[in-house]
Amino acid sequence: MKAAPFEYHAPASVTETLELLGRYADDVKVLAGGQSLIPMMALRLARFDHLVDLNRVPSLRYIREQDGMLRIGAMTTQACIAGSRSIARAAPLITRATSLIGHFQIRNRGTIGGSLAHADGAAEYPAAALTLDAMFEVTSSNGARLVPAGDFFVSAFTTAVQPNEILSAVHIPAADGRTGFAVEEMARRRGDFALVGAMCAVGLDAQRRVERAAITFFGVGGVPVRGHGAEQAIIGQAAAQVDGTEIGQLAVADLDPAADVHASGRYRSRVARALAVQVVERALEEAVNEEGSQSRGSQ
């Protein structure tokens, strides 16, 4: 099949983009990387009269680190992120998650903003953003606002971005101190969306006790889900004394995984528990290891 007819717009600035969104608010779609949107258009699962392509807006493509915060422009490609030393150092979980996204052809065109705004519950970037307590910079003609990751993902394929707004950047606290990160996923084939995935980020104090912890699941529902019960249980414990099996059980206690043609909810719950144990143990090991920071950026 071919896409339904539409009018194509290629603005050169954020201002021009927002003007177009205001003008065609009733039937307009923003194109970022297009790795999900274009197939949907070809199958006519998505139809609209106007397409606004952000690929010619250079101000949305950047990587900056300042004042303990990593800022990534929404149109920064996944391939650029994969090769960024700044991201590998300041947000290694993003680098590791990127390596699991599709194949290199997908990453050459796909963008971080496109993935986040598409908000697929099985995608890696939304889960990584939630794990890292990222903030989303959302811009309209009235200015920019910041939306916490926990409030950004409303439901499957639905975010807090309004029709007159665009996602312009993601802000991620840079890793500091004794920290560790891990991501694991189960997929039918390399490059497929995850049937189940888990991520973990931990921070230790000077006595190697857990002072910060985040455990997130993806592929279990419409949006990524934090394991808050497990996070609270692990905080304050000495890293060497954390029982990964117990934490894994706590992490999935409140999960109600979705079932589809690929996997049952029961299967996803079992896999989620196993993956939670793995990512917690690996993240703690990295945080404890004084040489761990030298290996960041690798899978």
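Listing for the model above:
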quantity: Criterion: out of contact with any Asp or Glu (no Cβ under 9 Å at 6 or more places or on another chain) and either over 27 Å from GLY191 (Cα atoms) or among the hydroxyl-bearing types (Ser, Thr, Tyr) (or both) - qualifying residue of GLY177, GLY114, GLY143; calculated: GLY143
quantity: Some residue of segment 135-154 being among the hydroxyl-bearing types (Ser, Thr, Tyr), outside any loop (DSSP other than H, G, I, E, B), over 13 Å from the mean Cα position of the chain (by Cα) and within 27 Å of ARG61 (Cα to Cα); calculated: yes
quantity: Matching residues in segment 183-207 - criterion: being among the hydrophobic types (A, V, I, L, M, F, W, C), part of a strand (DSSP E or B) and surrounded by fewer than 24 Cβ atoms within 10 Å (Cβ to Cβ); calculated: MET186, LEU204
quantity: Filter result for PHE157 (within 15 Å of the chain's Cα centre (by Cα), among the aromatic types (Phe, Trp, Tyr) and farther than 28 Å from VAL210 by Cβ); calculated: yes
quantity: Pairs, first farther than 19 Å from ASN55 by Cα in segment 1-23, second of a type outside the set (Asp, Glu) and in a helix (DSSP H, G or I), C-beta under 7 Å, six or more apart; calculated: MET1/ALA42; LYS2/ALA42; ALA3/MET41; ALA3/ALA42
quantity: Pair list, Cβ < 6 Å and 6+ apart or interchain, from segment 50-71 residues that are within 21 Å of PRO11 (Cβ to Cβ) to residues that are of a type in the set (D, E, K, R) and surrounded by 14 or more Cβ atoms within 10 Å (Cβ to Cβ); calculated: LEU51/LYS29
quantity: Pairs where the first residue, in segment 257-271, is part of a loop (DSSP other than H, G, I, E, B) and the second is loosely packed, with under 14 Cβ neighbours inside 10 Å, C-beta under 7 Å, 6+ apart; calculated: HIS262/ARG188
quantity: Scan of segment 210-228 for residues that are surrounded by 16 or more Cβ atoms within 10 Å (Cβ to Cβ), of a type outside the set (Val, Ile, Thr) and not in a loop (DSSP other than H, G, I, E, B), ordered by number; calculated: ARG212, ALA213, ALA214, PHE217, PHE218, ARG226
quantity: From the options ALA251, ALA201, ALA194, residue that is touching a Ser or Thr at 6+ places or on another chain (Cβ under 6 Å), in contact (Cβ under 8 Å) with a residue 24 or more places away in the chain and on the phi < 0 side of the Ramachandran plot; calculated: ALA201
quantity: Residue within segment 242-250 that is assigned to a loop (DSSP other than H, G, I, E, B), polar (S, T, N, Q), more than 13 Å from THR131 (Cα to Cα) and at pLDDT 95 or above present; calculated: no
quantity: Filter pass, SER298 being at pLDDT below 95, assigned to a helix (DSSP H, G or I) and among the hydroxyl-bearing types (Ser, Thr, Tyr); calculated: no
quantity: Neighbours by Cβ (under 7 Å, 6+ apart or cross-chain): first from segment 233-246, in the same structural domain as GLU211 (by TED's automatic domain parsing); second modelled with pLDDT of 95 or more and assigned to a loop (DSSP other than H, G, I, E, B); calculated: ILE234/VAL242; ALA238/ARG208; ALA239/ARG208
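Results for (1) touching a helix residue (DSSP H, G or I) at 6+ places or on another chain (Cβ under 7 Å); (2) over 15 Å from ALA169 (Cβ atoms), shown as yes or no for each residue.
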| site | (1), (2) |
| --- | --- |
| GLU19 | no, yes |
| ASP27 | no, yes |
| ASP53 | no, yes |
| ILE81 | yes, no |
| SER84 | no, no |
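This table checks each residue for (1) closer than 18 Å to THR216 by Cβ; (2) crowded, with 19+ Cβ neighbours inside 10 Å.
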residue	(1), (2)
ALA253	yes, no
VAL280	yes, yes
LEU284	yes, yes
VAL288	no, no
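The values are calculated or read from the model by the stated rules, or taken from the named source; none is laboratory data. Bear in mind that the values here come from a model prediction, so they are computed numbers and not experimental data. Positions of Cβ are backbone-derived with ideal geometry, glycine not excepted, and every protein chain shown enters the neighbour counts.
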